[in-house]
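As structure tokens, the structure follows; a few thoughts come after it.
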Amino acid sequence: MEEDGKRDNTDSPTNSQQTVSDDDEIDYTTKPEFYDPDLDDKDERWIHKKRQGRDSDAVLSCPACFITLCLECQRHEKYLTQYRAVFVVNCKIGNDKVLKQNNSRSRKRNRGTEGFDGNDARSTNIETFKQVCCSVCSTEVGVIDQDEVYHFYNVLPSES
């Protein structure tokens, strides 16, 4: 019974083998395959070429998959988390969801009766918006108006 009381400690992870760190296995004498010290400069030249000298308030990305949606945009003056743009990438327009907004000066007074309404066709002053989604993950990121201006409200902005 005394032998049963003694346990063999060789099954313990600390005693079985000596733990080797991943850093010990890395050979630092060779250059990493995917490292380019000039990559930031190349990226900066590429973005300046794409923008053709125009300035941008931000670079917009999808909040779900982080893919780039817009390289040049203008920030909304009042709603600081919203942007508008004409040239976009990786966006698809959803024709199945059309939003209509009555564009009248008395909107503030009649806030409860006006706004987005898909059935209101009585007024001639109606703006139509279509849903804009990320073409990679289908996350809704904004809308596009009749003048083909994109209005982004669900995006991640980064410095341009």
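The values are calculated or read from the model by the stated rules, or taken from the named source; none is laboratory data. From a predicted model like this one, the values you see are computed outputs, not experimental measurements. Cβ atoms come from the backbone with ideal geometry, glycine included; neighbour counts cover every protein chain shown. Each accessible area value is taken on the protein alone, full model and side chains, heavy atoms only, with ligands, DNA and RNA left out. Shrake-Rupley method; radii C 1.70, N 1.55, O 1.52, S 1.80 Å.
Odds and ends about this structure:
- Note on the stretch 33-81: among residues that are within 20 Å of the chain's Cα centre (by Cα) and of a type in the set (K, R), the one that is nearest to E159 (Cα to Cα) is R75.
- Failed criterion for E72 (all others in (1) in a loop (DSSP other than H, G, I, E, B); (2) surrounded by fewer than 12 Cβ atoms within 10 Å (Cβ to Cβ); (3) of a type in the set (D, E, K, R) hold): (2)
- Boolean, T10 is of a type in the set (S, T, Y), assigned to a helix (DSSP H, G or I), open to solvent by less than 90 Å² (accessible area, probe 1.4 Å) and at pLDDT below 70: yes
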